[in-house]
Amino acid sequence: MRRIVIWITAMVMLGAYIAGMAKLVKADRVAWLQGPSGHCEEVPQGNSAPWRVVLLGAPGVGKGTQAALLAEQMGACHLSTGDVFRHADGRPECEQSVAMQEAMEFMRRGELVPDATVWEMVRERKACLHCRGGFILDGFPRTLAQAESLQTLLVREGLALTAVVNYEMPEAEIVARLGGRRTCEACKAVYHVTERPAKVDGQCDKCGGKLVLREDDRPEAIKVRLEAYERSTAPLISYYQKMGLLLRVPATGSAEEICVRTIVDLKGRRLKGFAEKLWAAAENRRDT
Ligand code: AMP
């Protein structure tokens with residue numbers, strides 16, 4: 001009898017899980033990639049407590065992969081500033097502003113795009129911060145100035161970050177990862193020559209597109225990017241730690257393992273906050 005009850009409960013839970021998964025709509029990110037002229041057809045369903053998360057970590061730790069996985073699992077929108085630049089890079093020159101053309105020159109050299117350009121781009125897309133599914137910010141903020149501008153904007157818009165995840169990995173592993181990374185020219189899917197090879201060498205499993213070494217994954221650009229990270233982005237770790245938002249997550253293991261670790265930590269943090277509020281309310285009741 002007990003076995004039957006367990007079996008039925010497991011089936012009901014599995015059914016609810018699958019139904020919940022079906023409700024998760026994969027955001028098409030048009031408004032983010034195109035800016036104010038774009039309109040999303042596919043918007044995440046959202047829930048009463050959307051996740052608003054920033055991902056930090058040196059280039060190569062796998063923030064992009066994690067952002068995509070987390071967005072899918074948590075029903076949020078993946079907002080990557082690097083993707084906006086790469087999307088603009090693929091468009092005809094006559095459609096690109098001068099600031100965008102200059103930004104792409106910085107990107108090709110592996111340097112950070114100036115704060116003013118990045119901020120203008122994000123500010124224009126502030127509606128995406130209100131996405132009902134929440135957001136996973138990947139590659140932004142990258143400097144203290146960007147983090148402060150974001151914080152001011154969030155407060156003005158009545159929004160708050162849920163957490164800031166810092167992915168941690170030794171530098172030697174980062175260099176090996178970036179050098180072996182290959183990206184599909186067409187759909188931007190990411191592979192690795194040894195860790196995550198495509199089924200057919202040089203060809204994307206998903207769309208058959210050509211796999212290339214991103215310009216900013218060339219060895220000269222990797223060096224510049226890591227220096228830029230140490231100089232400009234690493235200070236954000238203590239900035240967010242002081243705000244009580246930082247979660248440190250080891251970025252070793254498979255992408256799926258890292259994703260599960262991140263979700264467990266994020267949910268744990270939310271539960272802890274919830275428990276603290278309940279506890280404080282109970283204390284208040286006792287005192288009055
Ligand atoms: P990512 O895909 O996040 O590694 O970004 C690729 C490149 O875009 C970076 O190496 C920079 O040149 C540029 N970029 C993306 N986001 C930012 C940002 N928040 N601040 C400055 N440059 C950025």
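What distance in nm lies between label points placed 7 Å from Cα along the C-beta direction at E257 and R132?
It is 3.8 nm.
Which listed residue (L271, L226, Q146) has the Cα farthest towards the positive end of the charge dipole for the chain, taking +1 on Lys and Arg C-beta and -1 on Asp and Glu C-beta about the Cα centre?
L271
Give, as ranges by residue number, the residues of the range 69-88 whose backbone N falls under 18 Å from the point 7 Å along Cα→Cβ of E124.
The answer is 79-88, whose backbone nitrogens lie closer than 18 Å to the label point.
Using amide H atoms built 1.01 Å from N in the peptide plane, name the residues 5+ places from L247, or on other chains, whose amide H lies under 5 Å from its own.
Hits under the 5 Å cutoff: V164, V165, N166.
With n ≥ 4 as the cut-off for DSSP H runs, can you work out [θ] at 222 nm for the chain, using -39500 (n - 2.57) per run divided by the number of residues, rounded to the nearest 500? List each step's numbers first, then the result.
Working: 11 runs with 143 residues, N = 288.
Mean residue ellipticity, 222 nm, calculated: -15500 deg cm²/dmol.
Give the calculated FRET efficiency between L271 and T152 to the nearest 0.05, with a Förster radius of 41 Å applied to their Cβ-Cβ distance.
E between L271 and T152, to the nearest 0.05, is 0.90.
Roughly how many nanometres apart are two label points built 7 Å out from the Cα toward the Cβ at T194 and V30?
My value for the distance between the label points is 4.3 nm.
For the range 84-242, take the alpha-carbon Rg, divide it by the Kirkwood Rh, and send me Rg/Rh.
On the way: Rg = 17.2 Å, Rh = 17.6 Å.
That ratio is 0.98, to two decimals.
Taking only the Cα atoms of the chain, how large is their convex hull per residue, in Å³?
Hull volume normalised by residue count: 176 Å³.
What are the ³J(HN,Hα) values, in whole Hz, obtained from phi via the Karplus relation 6.51 cos²θ - 1.76 cosθ + 1.60 with θ = phi - 60°, for each residue of the range 270-277 in sequence order, with x given for Gly and Pro?
5, 5, 5, x, 5, 4, 5, 5
Exposure proxy check: L236, L79 ranked by fewest other beta carbons within 10 Å?
In order of increasing Cβ crowding within 10 Å: L236, L79.
Given a 10 angstrom Cα cut-off, can you work out which residue in K223, K188, K267 is the most mobile in a GNM of the chain?
Per the Cα network of the chain with a 10 Å cutoff, K267 tops the list.
Just to check I understand the Karplus step: with θ = phi - 60° and J = 6.51 cos²θ - 1.76 cosθ + 1.60, what whole-Hz values come out for the range 237-251, glycine and proline as x?
Karplus-based 3J(HN,Hα) across the range 237-251 equals 4, 6, 4, 6, 5, 4, 7, x, 10, 6, 10, 9, 10, x, 9 Hz.
Enumerate the calculated ³J(HN,Hα) couplings along the range 162-173 in order (Karplus 6.51 cos²θ - 1.76 cosθ + 1.60, θ = phi - 60°), each rounded to whole Hz, writing x wherever the residue is Gly or Pro.
Karplus values, whole Hz, x for Gly and Pro: 7, 6, 10, 9, 9, 7, 10, 7, x, 4, 4, 5.
Given H placed on each backbone N at 1.01 Å, which residues far from Q203 in sequence or on other chains put an amide H within less than 5 Å of it?
Hits under the 5 Å cutoff: L211.
Determine the distance separating the Cα centre of the range 86-104 from the Cα centre of the range 175-206; give it in Å without decimals.
25
Any idea what log10 I(q)/I(0) is at q = 0.25, 0.28, 0.30 Å⁻¹ for the range 126-183, Debye with uniform C-alpha scatterers and no solvent?
Debye output, listed in q order: -1.09, -1.26, -1.38.
A short reminder: the numbers here are calculations on the coordinates, not readings from a lab. Treat the numbers as computed from the prediction; the structure is a model and nothing was measured. Using ideal geometry, Cβ is built from the backbone for each residue, glycine included, and neighbour counts are taken over all protein chains shown.
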